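Notes to accompany the following structure.
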Amino acid sequence: MSAPSSVLALLQESLGALVDVSDASLEQARADRSGHAAVGRPLAVVHAERVEDVQQTLRIATATRTPVVVRGAGTGLAGAANAGTGEIVLSLRRMTAIHEVRADDLLAVVEPGILNADLNAQLAAHGLWWAPDPASRDISTVGGNIATGAGGLLCAKYGVVRDAVLGVDLVLADGRLLHLGHRSVKGVTGLDLTALVIGSEGVLGVVVGATLKLRRLVPGETCTITATFPGVRAAAAASAAVTAAGVQPAIMELMDAASLAAVHALLSLPTPTPGAAQLTIQTDGPAARVEADTIATILRAHDGDTAVSHDREEGERLLAVRRSMHAAMASLGTTLIEDVSVPRSAMPAMFDKIARIERRYGIVIPTVAHAGDGNLHPNFIFEGPETPPHVWAAADELFRAAIRLGGTLTGEHGIGVLKRRWLADELGDDQWRLQREIAAVFDPLGILNPGKVFAPDA
């Protein structure tokens, strides 16, 4: 590895004002919204504006053996975009262009730095939208969603990120530009490298463009159902019953008692009944009203105190409660925001596991869930900048419980640095080794996001 001063000189000579060494930028690049911060400070932040800027940065990094951490808006929750000592931060946030929108082919070609909400605001003028809908849609980038596979609230009906990306433009560690995927609905030529890159957390290459699969705006009305239950297990069982009945809502979100109380306090809403959990469900399309009535009947049969609204604006106000979860958790202390997924039928059992872990460790774990797809977000609250050992012990039990129930360590946040110690437990030794070998084919020198996803000493 070359001396940091010489690497910085090369970057500045080649990229000029795009190279940022300000204290504020370097400090910001150390952390994301997980509460985790990298050790030390990065060498520089390169604010790429063109594909060529990305290529040149990576050519310099390869020539000097300097590690590179790719970063979007910094809203990640697993530490995958955090940069530390001697690393180049490659920021894609300025690459926000929409190069093409094809209503006839239902696709758009975009740069990675555009925010989810901004993209859909512009697509709406064409009668189109891009389905991935994370709770952070107003502040997270499309490229970040692709890098982590974060899908959000609408996945149960409209699919995950892999279902919504036709192709990506990928810059390899040595600066080569690849065009992966296709523009057609079908395409099975060769290995599916596009799907491999989605969710790879920056260890295979840098996504500098994406061909997105769009949908037409959904016609008809939107109906919103809210139901309050005496406890979270009853709410989870009711949501599983909705799925089992064959009804497919667009959104089905569950908030346990602790998370619901925290959000109500943050938003100055009336204090909910102690112990009460809540489901918020939306149906859309021509059958929205009929589906809403069917769902309401199921929820009432499971002792849910249920109300149905046919007003779109009222529905958004109700969903704002769920979307305020992260802010509410931050108001309680330092938060380790976790992410596991289980089969939807296993959600009641998973909430039972969480309750037992709470009792065992004497902690409260406020939990929300994308109940429509079985993706739970348990939140560990503590004081101070470092996660205490007993919290990690509780998280360990929670992760292993999810895997035993047929689930996974992460549904959309990724592995990053926070979950790498458990990766081999889920994958098994053979698959874990194979994945490391695949990453080495893309990045033989190991300069892309080193220490992320795979443990550095493994």
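The values are calculated or read from the model by the stated rules, or taken from the named source; none is laboratory data. Quick caveat: nothing in here was measured; it's all calculated off a predicted structure. So basically every Cβ, Gly included, is an ideal-geometry build from the backbone, and we count neighbours across all protein chains shown.
Taken across the range 207-221, residues that are among the charged types (D, E, K, R), within 16 Å of the chain's Cα centre (by Cα) and more than 24 Å from Asp105 (Cα to Cα) do not occur at all. Might you check whether a residue that is among the acidic types (Asp, Glu) and either on the phi > 0 side of the Ramachandran plot or touching a residue at least 40 places away in the same chain (Cβ under 8 Å) (or both) occurs anywhere in the range 297-310? Scanning the range 297-310, I find at least one residue that is among the acidic types (Asp, Glu) and either on the phi > 0 side of the Ramachandran plot or touching a residue at least 40 places away in the same chain (Cβ under 8 Å) (or both), so the answer is yes.
Filtering Thr243, Thr273 for residues that are crowded, with 17+ Cβ neighbours inside 10 Å, hydroxyl-bearing (Ser, Thr, Tyr), at negative phi and not in a strand (DSSP E or B) leaves a single hit, Thr243.
Scan the range 30-49 for residues that are in a loop (DSSP other than H, G, I, E, B), in contact with a helix residue (DSSP H, G or I) (Cβ under 9 Å, 6 or more places away or on another chain) and not small (Gly, Ala, Ser) and the total you get is 5. Residues in the range 387-444 that are exposed (fewer than 15 other Cβ atoms within 10 Å of the Cβ) and in contact (Cβ under 8 Å) with a residue 60 or more places away in the chain: 3 in all.
Among the residues in the range 295-306, are any of a type in the set (Asp, Glu), in a loop (DSSP other than H, G, I, E, B), surrounded by 15 or more Cβ atoms within 10 Å (Cβ to Cβ) and in contact with an Asp or Glu (Cβ under 8 Å, 6 or more places away or on another chain)?
First, the residues of the range 295-306 that are of a type in the set (Asp, Glu): 303, 305.
Then keep just the ones that are in a loop (DSSP other than H, G, I, E, B); that gives 303.
Restricting the remaining residues to those that are surrounded by 15 or more Cβ atoms within 10 Å (Cβ to Cβ) gives 303.
From the residues that got through so far, the ones that are in contact with an Asp or Glu (Cβ under 8 Å, 6 or more places away or on another chain) too are none.
No, the range 295-306 contains no residue that is of a type in the set (Asp, Glu), in a loop (DSSP other than H, G, I, E, B), surrounded by 15 or more Cβ atoms within 10 Å (Cβ to Cβ) and in contact with an Asp or Glu (Cβ under 8 Å, 6 or more places away or on another chain).
Here are some residues: Ala147, Ala195, Ala210, Ala103. Which one is surrounded by 23 or more Cβ atoms within 10 Å (Cβ to Cβ), in contact with a helix residue (DSSP H, G or I) (Cβ under 7 Å, 6 or more places away or on another chain) and at pLDDT 95 or above? Outline the logic, then answer.
Details: Ala147 fails: in contact with a helix residue (DSSP H, G or I) (Cβ under 7 Å, 6 or more places away or on another chain); Ala195 fails: surrounded by 23 or more Cβ atoms within 10 Å (Cβ to Cβ); Ala103 fails: surrounded by 23 or more Cβ atoms within 10 Å (Cβ to Cβ).
The match here is Ala210.
Scan the range 28-37 and tell me whether some residue there is surrounded by 17 or more Cβ atoms within 10 Å (Cβ to Cβ), over 23 Å from the mean Cα position of the chain (by Cα) and not polar (S, T, N, Q). Looking through the range 28-37, none of the residues is surrounded by 17 or more Cβ atoms within 10 Å (Cβ to Cβ), over 23 Å from the mean Cα position of the chain (by Cα) and not polar (S, T, N, Q). Only a single item in (1) touching a helix residue (DSSP H, G or I) at 6+ places or on another chain (Cβ under 7 Å); (2) outside the structural domain of Leu180 (by TED's automatic domain parsing); (3) among the basic types (Lys, Arg) is not met by Arg137, and it is number (2).
If the requirement is being within 24 Å of Thr148 (Cβ to Cβ), outside any strand (DSSP E or B), in contact (Cβ under 8 Å) with a residue 24 or more places away in the chain and among the β-branched types (Val, Ile, Thr), which of these qualifies: Thr62, Thr57? I'd like the intermediate steps shown before the answer.
On the way: Thr62 fails: within 24 Å of Thr148 (Cβ to Cβ).
So the residue among Thr62, Thr57 that is within 24 Å of Thr148 (Cβ to Cβ), outside any strand (DSSP E or B), in contact (Cβ under 8 Å) with a residue 24 or more places away in the chain and among the β-branched types (Val, Ile, Thr) is Thr57.
Ala195 falls short on exactly one of the conditions (1) touching a residue at least 60 places away in the same chain (Cβ under 8 Å); (2) part of a helix (DSSP H, G or I); (3) of a type in the set (A, V, I, L, M); (4) outside the structural domain of Pro366 (by TED's automatic domain parsing), and that condition is (1).
Screening the candidates Glu52, Glu27 for the property of being under 17 Å from Gly113 (Cβ atoms) and assigned to a helix (DSSP H, G or I) yields one hit, Glu52. Looking only at the range 374-386, residues that are of a type in the set (Asp, Glu) and surrounded by 15 or more Cβ atoms within 10 Å (Cβ to Cβ) come to 0 in all.
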